[in-house]
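The structure under discussion appears below in the form of structure tokens.
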């Protein structure tokens, strides 16, 4: 099964067509940031961080996703 | 002329804190703060023994959740939830009750005893008060967790209402020393924060107040913050280390060096021997694999799992770290 194709960087929201350096990856805490932009439309996601994961919502795409950050 | 004698400094501090039950003066703390790096291990060891003597070996574990994210009208320069800086954090409404309960249950499953609900606001209005009190009741009904909250600047009436409705601890960090605060926030004052902290104590809730290391303050200002916190006699002091957030005024700040973080932790413990000194945000990027050193330099509590808008070390890794250090997790002790 192939991963869904993305058009926008989930870290900075810029189009991947001209995405050379990611502003969302250059700061020290980048590895501990949830994805904040929709890979399909580039819109800023609303993100609810929870102790064991996070849930994000793209309003234009009307799509939600849930991610666990705990092994259990 | 007195000869500078690090051995004497450490011995005097040990006698004062461990034998006499006294407290350090600012002058003594400054001298300890300036000990060369080769004495850092001795300083940390003293702080660890002070922690064990005054607090025991248990570690208090807490989970936190954002009850309302982003859109804050204040301009705290370190905060990605401020609406002033145009950060990547999108504002949300109040957390739905089912999500809130899920967060509480994840926290309870880790063995934690505390659950803190934090709102990105200047202060609460009626709607927020109703939301947080409903959340507190829900958490109490479904778990054994103690509920803390952080709602910004309070009125006396609001503090009383929280205390009378099941909120056992209130967080309101001083964030920085009084002398440095105007450099990191202009929309409210350090005195505003101090006054809320005093109100919390007067209304019977436990006070949780700490700060952030790495905002650009001097070493002396870190000690100033420690002593100002000590004046409040807080039950808990969260120690956060700056995680420079993109688009905030402090986005280009350097990360605090791990040795400096350990030194600061040790000094906070020596200045406040009996407080719950909690690892807050930023420990992962500041200390990395040296996090366990902080637990042997004065820390006796931690926030486990994720934070308000960023991710943290996994809960399982935190519990494994405590197990390896042979530090038991504080358990719930509710009277039935």
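Data overview
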| quantity | calculated |
| --- | --- |
| Space enclosed by the convex hull of the alpha-carbon atoms of the range B:1-65, per residue, Å³ | 132 Å³ |
| Bins of 10 Å from zero: percent of alpha-carbon pairs in chain A | 20, 47, 31, 2 |
| P(r) histogram, all alpha-carbon pairs of the protein assembly as shown included - 10 Å bins from 0, percent | 5, 22, 33, 26, 11, 3, 1, 0 |
| Computed over chain B: relative contact order in percent, which uses C-alpha pairs under 8 Å that are six or more apart | 23 percent |
| Range of Cα positions in the range B:238-311 per principal axis (Å), largest first | 37, 24, 22 |
| For chain B, built as a Gaussian network whose Cα springs stay under 10 Å, the top-fluctuating residue of B:311, B:24, B:133 | B:311 |
| Kirkwood-Stokes translational diffusion coefficient of the range B:199-336, alpha-carbon pairs, 4 °C, 1.567 mPa s, µm²/s | 82 µm²/s |
| Proxy reagent accessibility, fewest Cβ within 10 Å first, across B:115, A:7 | A:7, B:115 |
| Reference-scaled alpha-carbon Rg (2.2 N^0.38 Å with N residues) for the range B:39-132 | 1.48 |
| Inter-probe distance in nm under a simple model that places probes 7 Å from Cα toward Cβ, at residue B:332 and residue A:63 | 3.9 nm |
| Kirkwood-type radius of the range B:39-88, with distances r between different C-alpha atoms, in Å | 14.7 Å |
| Rounded FRET efficiency, nearest 0.05, which uses the C-beta distance separating residue B:57 from residue B:195 and R0 of 41 Å | 0.70 |
| Between the range A:27-72 and the range B:149-215, the Cα center-to-center distance that results, in Å | 30 Å |
| Net lengthening on full extension, residue B:165/residue B:257 (0.36 nm per residue, minus Cα-Cα) | 28.9 nm |
| Simple label model, 7 Å out from Cα along Cβ direction - residue B:219 to residue B:156, nm | 4.3 nm |
| Taking the range B:1-129 and dividing mean pair separation by its residue count, relative contact order in percent (alpha carbons under 8 Å, at least six apart) | 24 percent |
| Computed Rg/Rh of the range B:50-320, alpha carbon atoms with Kirkwood Rh | 0.93 |
| 222 nm mean residue ellipticity, helices alone, for chain B (DSSP H n ≥ 4; -39,500 (n - 2.57); rounded to 500) | -12000 deg cm²/dmol |
| The protein assembly as shown: antiparallel DSSP beta bridges as a percent of all, rounded to 5 | 30 percent |
| Choice from B:193, B:126, B:292 showing the highest fluctuation, given a GNM over chain B with Cα pairs closer than 10 Å | B:126 |
| DSSP bridge pairs, chain B: antiparallel proportion in percent, nearest 5 | 5 percent |
| Contact order relative to length of chain A, as percent, for alpha carbon pairs under 8 angstrom and 6 or more apart | 23 percent |
| Hydrodynamic radius by Kirkwood, which averages 1/r over all alpha carbon pairs of the range B:92-154, in angstrom | 12.0 Å |
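Only the coordinates and a few stated rules stand behind these numbers; no lab work does. Being a predicted model, the structure only gives us computed values, none of them experimental. Every residue, glycine as well, gets a Cβ built from its backbone with ideal geometry; the counts of neighbours run over all protein chains shown.
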